[in-house]
Structure formats: C-alpha cells, structure tokens
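The values are calculated or read from the model by the stated rules, or taken from the named source; none is laboratory data. This one's a predicted model, so the numbers in the text were calculated from it and none came from an experiment. Virtual Cβ from ideal backbone geometry, glycine too; neighbours counted across all protein chains shown.
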C-alpha cells in the first residue's frame, strides 16, 4: 500500500506542475517564485499529513490519527486556498459580470 501511495504522490506532483506551469508565468518574478514555493510547501505538508495518518492508523493510534487529520488537513486546505487565490481561481472577476454591470 505504501508503494502505491508513493507512486500516486509522484503522479499528483507532476500533474500539479503541469497544471500550474502555464498559469504561473507572470511579469513579476517574485509572484512566480511565491507560487512555486507555496506549491512545494503545500505538497510537502500534504504528503507528511498523509504519511502521518497512514502510519498512526496502521498501529491503532486513534487520537494521533484524528489530530493529524485536522492539523495537516487544515493547513493543507489553507495553503491550497491561498495558492488558488494567487493564481486567480478564487476571487477573480469574470468578464460576464463586468459586461452586465457596464
């Protein structure tokens, strides 16, 4: 099972790179570097959380497993929302709304 999770993590990391690459090219170099740094940090925290939950669940530590789900899951969701906001997936004004208001 752990070999499958490692394989799946590699596929998801590559898919994330291919998804973010065309959207991260901005005029501002600091914003591009911030996007890639946030993506790497988000991915590492998510992988640490999954492995922590997997290890604790396999040995029967229920309290540590539930704590890790909320801790690592919460941090992962917060970083994902920040990353989506920077890339423009959340909070971007659509052109349809602008044309209706004009």
Per the list (1) free of Cβ contacts under 8 Å to residues at least 24 places away in the same chain; (2) surrounded by 11 or more Cβ atoms within 10 Å (Cβ to Cβ); (3) part of a helix (DSSP H, G or I), residue check on residue 82 breaks on (1)
If I ask for residues that are farther than 23 Å from residue 81 by Cβ and either surrounded by 10 or more Cβ atoms within 10 Å (Cβ to Cβ) or modelled with pLDDT under 90 (or both), which ones from the range 12-59 would you list? 27, 29, 54, 55, 56, 57, 58
